[in-house]
Amino acid sequence: MFIVKYRKIFFIISIITIALSFYAIATKGFNAGIDFKGGSIIEVSYDKRPDIETLTTALNTAGFEGARIQMAGENDVMIKTRALSEVDRQNLTSTLAFKDLKMEEKKFSSIGPTVGAELRVKAWYAIILVILGIVIFIAYAFRHVSEPISSWKYGMITTATLLHDIIVPAGVFVWLGKEVDTLFIVALLSIMGVSVHDTIVVFDRIRENLRLRISSDFATTVGMSLRQTFTRSINTSLTVMLVLATLFFFGPASTKDFSLILWIGIGIGTYSSVFIASPLLVVLEKWQSKR
Amino acid sequence: MAIMWKTRIGALLLLIIGAGIGYFIYASEPKLHEGKTVLGQTFAEKFPFKLGLDLSGGVQLVYQADVSSIKPGEVKNAMDALRDVIERRINTFGVSEPIVQIEEKGGITGPVEERLLVELPGITDVKMAVDMIGQTPKLEFMKERSKEELDAYNKAVEKFNADKEAGKPLVISAELLAGPYVATDLNGRFLERAVLEFDQTTREPIVSIVFNKQGSDMFAELTKENVNKTIAIYLDRELGNPDPISAPVVREAILGGKAQITGKFTAQEAKTLVGRLNSGALPVDKLDLLSTQTISAPLGAQALMAGVWAGVWGLVIVAAFLVLWYRLPGLVSVVALAIYVVIMLALFKFMGVTLTAAGIAGFILSMGMAVDANILIFERTKEELRKGHGVHDAIREGFARAWTSIRDSNISSIITAVILFWFGTSLIKGFALVFGLGVIVSMFTAISVSRTLLFALPFSGHGAVVRTLFGSGFFKLK
């Protein structure tokens, strides 16, 4: 199978994309949403939208310095500022209600900084727990497979591809300047779920083929297993990516970024389960036999 | 042949049940097709979809309860009582289906914090909501200061009055600011109930209060220590009522935990006070508003419609792909997918799953994943057909061999869903629940529904028709 044969090319591609993702994360940093760092966001709709300068001046005089103003849709304005109390919020809405203009408050959220910090910690716990849970499960599920490489190595490789699959979309997201919020974490965790799904299907076939002893050469066995599961991997990802595309184009505004990152992540996840995970098994086996 | 017919009857039953559930869902949402607004008349209408705030519009408030003065063992009771109090306040307001939940935060990630989550669908006026919840009558019992302090206070008052008469600049001294009374531990938290009564002779309104067990003991102690002294009863002292509503002199120790407030109030004022005290004494020290979210109803409706349409289009596109690529088995899996969708929708209704935009996204994602098991099975079946097996054998083998990967991959998805659920704020819990349910239900539909339907098909052997119908994509089975 060409994938096993030319594995170095795919490894290099992945190493470069991961390096670029890290570079993007290191230079641009995560643009944390208000649910992670605390703050307020208000969305209002006008019959005739005032320009940015009018808004900035009004906000500054009312004591909302440093508020970020963003135009949305045709007549909507989104403003981000520090966490506001109820009194502050009333002050803010009255500041935004200009004379002669009809203004409607569509959405408001304010999240205290402690809630944000707590969520951040919890997000890390969740990611680590999912990885641990999956490694342990795979080591268990493949426990009868010990030749030529032991079951926990399947788990380790799955973890490596999992990390690959969340680092790259995270990098793309940072590079696009998108906001990192709770849904972003949910998306990363879902990507892990789906990515491991793909990897397991390929590994399961390898497990079966090893039992059937279809070839004495490990690399050939992996290659044949890949060929047998290839159509399935592509078709499943295709259906999932199709539904995610409908969610992106037709779905609610609040889940647009969510479906975008899932779309990227599932694409990457399929790529890594086929082009990275299984070739890595071959590499491990080769190292072992050399020693 | 008998087995064949059994399978066909089973397949027919599955289709009928699927259609039945589908009809039930249709009938239970008369809002959508008849424009009815009053629900709950027929059996089906008793199970409407529960919509989260982001789809129905409304206010979400998260409060932090200050429980620092409550003993650790009693925090849970205090929080339960707090929830009841807030619920009562909201109910007097007539909000339909409010949610008041206790959330215990921290433990692993920091000190335990007690939170109260309040969701008010349909209300978008945050100020009104905050006022409604925050109207806390705070009843305090205070005792006289010590002799020396009281003398200092009285002197300060005299000086103040003298200055005022003389027209000198007024200075508020520390003694004056402190007031003649000092706080005690007794407050409205220890109230069991308040009753409105009228004085037998003067017909003046009296507010009788009954303390709970702990409050009774504290009150007995307080009155015993302060015989012939004044006990001042304050209401909302920190909210602009600096004078006590009543300051009776204690004649003797009062046992039995009953007290009366006679003040200068009208019957109406006394009645309101009783009402507020009964619905109101907050069992915790303080409630702080941590976060607020509002979503206007039109915005919510817009998000809901967008979610529904995304789901419909997702289903149509996946169905088209399956039929075009996998032909006859593809058609079967579309039927299985339709049954999957109606089962999930029915579960949402019966389990009362609150649907949010994230939940709908999870559901749409799960439709894609549900197809995975079918694709695995079809690919395996095709392999077996290529080996020259007859249709039925190929399908049987295909299912058997695909099973281990379906099982293992779905278990890992369930692990993810469980951790997501644990991680959850309400937004994520909705997503995780839908995602986890989806994985389990899709395993069922892929294995039992697709299987039964495929076996019920009137094809056998390995002829040209079979090869065409069971082939896929651009390839022809040899």
Report task. Please find, within the range A:245-261, the residue that is farthest from residue A:159 (Cα to Cα) out of those that are surrounded by 20 or more Cβ atoms within 10 Å (Cβ to Cβ) and more than 7 Å from chain B (Cβ to nearest Cβ). Result -> A:257
Report summary line: Apart from one, (1) at the interface with chain A (Cβ under 9 Å from one of its Cβ atoms); (2) hydrophobic (A, V, I, L, M, F, W, C); (3) under 16 Å from residue B:455 (Cβ atoms) all hold for residue B:331; the odd one out is (1)
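Does residue A:288 meet the test of being away from chain B (no Cβ under 11 Å) and either in contact with a Lys or Arg (Cβ under 9 Å, 6 or more places away or on another chain) or not small (Gly, Ala, Ser) (or both)? Spell out how you get there, then give the answer.
Details: away from chain B (no Cβ under 11 Å): yes; either in contact with a Lys or Arg (Cβ under 9 Å, 6 or more places away or on another chain) or not small (Gly, Ala, Ser) (or both): yes.
Yes; evaluated as a whole, the condition is true for this residue.
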**Report entry** Candidates B:197, B:158 - the one that is of a type in the set (Asp, Glu) and surrounded by 14 or more Cβ atoms within 10 Å (Cβ to Cβ)
**Finding:** B:197
Query raised in the report: residue A:17 is checked against (1) assigned by TED's automatic domain parsing to the domain that holds residue A:229; (2) hydroxyl-bearing (Ser, Thr, Tyr); (3) more than 30 Å from residue A:164 (Cβ to Cβ) and fails just one. What number does that condition carry?
Result: (3)
Query raised in the report: Which one of A:38, A:63 is closer than 30 Å to residue B:54 by Cβ and under 33 Å from the mean Cα position of the chain (by Cα)?
Result: A:38
**Report entry** Number of positions in the range A:78-91 that are outside any strand (DSSP E or B), away from every other protein chain (no Cβ under 11 Å) and either of a type in the set (Val, Ile, Thr) or buried (at least 20 other Cβ atoms within 10 Å of the Cβ) (or both)
**Finding:** 0
Report summary line: When the range B:342-364 is checked residue by residue, the ones that are hydroxyl-bearing (Ser, Thr, Tyr) and either more than 10 Å from chain A (Cβ to nearest Cβ) or over 35 Å from the mean Cα position of the chain (by Cα) (or both) are B:354
Query raised in the report: Is at least one residue of the range A:192-208 part of a helix (DSSP H, G or I), within 12 Å of another protein chain (Cβ to nearest Cβ) and surrounded by fewer than 18 Cβ atoms within 10 Å (Cβ to Cβ)?
Result: yes
Query raised in the report: What tally of residues in the range B:440-449 results from selecting those that are buried (at least 24 other Cβ atoms within 10 Å of the Cβ) and either of a type in the set (Ser, Thr, Tyr) or at the interface with another protein chain (Cβ under 9 Å from one of its Cβ atoms) (or both)?
Result: 2
Report task. Might you let me know whether the range A:134-149 holds any residue that is exposed (fewer than 14 other Cβ atoms within 10 Å of the Cβ) and within 10 Å of chain B (Cβ to nearest Cβ)? Result -> yes
Query raised in the report: Of the numbered conditions (1) surrounded by fewer than 23 Cβ atoms within 10 Å (Cβ to Cβ); (2) more than 9 Å from every other protein chain (Cβ to nearest Cβ), residue B:339 satisfies every one except a single condition; which is it?
Result: (1)
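Whether any residue in the range B:266-283 is modelled with pLDDT of 80 or more and either outside any strand (DSSP E or B) or buried (at least 20 other Cβ atoms within 10 Å of the Cβ) (or both) is what I want to check.
Filtering the range B:266-283 for residues modelled with pLDDT of 80 or more gives none.
No, there is no match, as no residue in the range B:266-283 is modelled with pLDDT of 80 or more and either outside any strand (DSSP E or B) or buried (at least 20 other Cβ atoms within 10 Å of the Cβ) (or both).
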**Report entry** Subset of the range B:350-362 (residues that are in contact with a strand residue (DSSP E or B) (Cβ under 8 Å, 6 or more places away or on another chain) and either among the small types (Gly, Ala, Ser) or in a helix (DSSP H, G or I) (or both))
**Finding:** B:352
Query raised in the report: Within the range A:16-55, how many residues are within 29 Å of residue B:60 (Cβ to Cβ), of a type in the set (Val, Ile, Thr) and either assigned to a helix (DSSP H, G or I) or at pLDDT below 85 (or both)?
Result: 1
Query raised in the report: Would you pick out the residues in the range B:284-303 that are surrounded by fewer than 22 Cβ atoms within 10 Å (Cβ to Cβ), more than 7 Å from chain A (Cβ to nearest Cβ) and either among the hydrophobic types (A, V, I, L, M, F, W, C) or over 21 Å from the mean Cα position of the chain (by Cα) (or both)?
Result: B:285, B:286, B:287, B:297, B:298, B:301, B:302
Query raised in the report: Looking at B:357, B:338, which one is touching a helix residue (DSSP H, G or I) at 6+ places or on another chain (Cβ under 9 Å), among the small types (Gly, Ala, Ser) and under 17 Å from residue A:240 (Cα atoms)?
Result: B:338
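Is the range B:418-432 home to any residue that is basic (Lys, Arg), surrounded by 19 or more Cβ atoms within 10 Å (Cβ to Cβ) and more than 9 Å from every other protein chain (Cβ to nearest Cβ)? Break it down into steps so the answer makes sense when it comes.
Residues of the range B:418-432 that are basic (Lys, Arg), as a first pass: B:429.
If we keep only those that are surrounded by 19 or more Cβ atoms within 10 Å (Cβ to Cβ) as well, we get B:429.
This time we only want the ones that are more than 9 Å from every other protein chain (Cβ to nearest Cβ), so: B:429.
Checking the range B:418-432: at least one residue is basic (Lys, Arg), surrounded by 19 or more Cβ atoms within 10 Å (Cβ to Cβ) and more than 9 Å from every other protein chain (Cβ to nearest Cβ).
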Report task. Pick out the one residue from A:212, A:188, A:238, A:226 that is surrounded by fewer than 20 Cβ atoms within 10 Å (Cβ to Cβ), more than 8 Å from every other protein chain (Cβ to nearest Cβ) and aliphatic (A, V, I, L, M). Result -> A:212
Report summary line: Residue set A:89, A:82, A:68; condition modelled with pLDDT of 80 or more, farther than 27 Å from residue A:258 by Cα and of a type in the set (Lys, Arg); output residue A:89
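Quick one: in the range B:304-332, of everything that is farther than 15 Å from residue A:253 by Cα and of a type in the set (Gly, Ala, Ser), which residue is surrounded by the fewest Cβ atoms within 10 Å (Cβ to Cβ)?
Within the range B:304-332, the first condition is being farther than 15 Å from residue A:253 by Cα, and the residues that meet it are B:312-332.
Retained after the next criterion (residues that are of a type in the set (Gly, Ala, Ser)): B:314, B:319-320, B:330.
Working: B:314: 25, B:319: 19, B:320: 13, B:330: 22.
By that ranking, first place goes to B:320.
The values are calculated or read from the model by the stated rules, or taken from the named source; none is laboratory data. Remember, it's a predicted structure, so these values are computed and weren't measured experimentally. Backbone-built Cβ (ideal geometry, glycine too); neighbour counts: all protein chains shown.
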